[in-house]
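Undergrad: This is the structure I have questions about; it appears just below.
Values quoted throughout were computed directly from the atomic coordinates according to the rules given, and no laboratory measurement underlies them. Keep in mind the model is a prediction, meaning the values are calculated, not measured. Every residue, glycine as well, gets a Cβ built from its backbone with ideal geometry; the counts of neighbours run over all protein chains shown.
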Amino acid sequence: MSQASREVEEGSVFAPKFDANGLIVCVTTEAATRDVLMVAYMNELALEKTIETGLAHYWSRSRRSLWRKGETSGQTQKVLSLRVDCDQDAVLLEVEVGGDGKACHTGRKSCFYRALGDDGALVFSADGA
């Protein structure tokens, strides 16, 4: 392993790796329950704003714009912890959800409210999360 790789994987320098489109994957979990709420993308500005304000900011690939979670919905995400994976190409946010606790734009707690059934069709989770 090269010294540069060792520093990225084992060192203390925060050096997020953005992809060719300038984005990094962000997994967001609820700190209290560890439930996965959503997966989104951040560009450099979204990551900077998240760190600077303590509120989750993301990059919308479809709208091609920066957005602060809860800006219009009230479903804010206060960042309690920001982690990076081993090669620094993904981040994990542990958040406290504001508003009524719904993270998904469909009005559900989590964007992961369906599972693949035995017949190959999507089925809603028991709790409708």
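Undergrad: Hey, can you tell me all the residues within the range 99-129 that are over 19 Å from the mean Cα position of the chain (by Cα) and either within 30 Å of E7 (Cα to Cα) or of a type in the set (V, I, T) (or both)?
TA: V123
Undergrad: For the range 60-98, name all the residues that are over 15 Å from the mean Cα position of the chain (by Cα) and assigned to a loop (DSSP other than H, G, I, E, B).
TA: Correct list: S62, R63, R64, E71, T72, S73, G74, C86, D87, G98.
Undergrad: Restricting attention to the range 108-124, and to residues there that are out of contact with any strand residue (DSSP E or B) (no Cβ under 7 Å at 6 or more places or on another chain) and exposed (fewer than 10 other Cβ atoms within 10 Å of the Cβ), which single residue is farthest from I51 (Cα to Cα)?
TA: D119
Undergrad: Moving on to the next point. Residues in the range 106-129 that are of a type outside the set (D, E), farther than 16 Å from V27 by Cα and assigned to a loop (DSSP other than H, G, I, E, B): how many?
TA: Final tally of qualifying residues: 10.
Undergrad: Let me ask you something else. Going through the range 84-116 one residue at a time, which ones are among the β-branched types (V, I, T) and without any contact (Cβ under 8 Å) to a residue 12 or more places away in the chain?
TA: Within the range 84-116, T106 is the sole residue that qualifies.
Undergrad: Counting just the residues of the range 6-59 that are among the β-branched types (V, I, T) and assigned to a strand (DSSP E or B), which one comes out farthest from V84 (Cα to Cα)?
TA: Looking at residues that are among the β-branched types (V, I, T) and assigned to a strand (DSSP E or B), I get V36.
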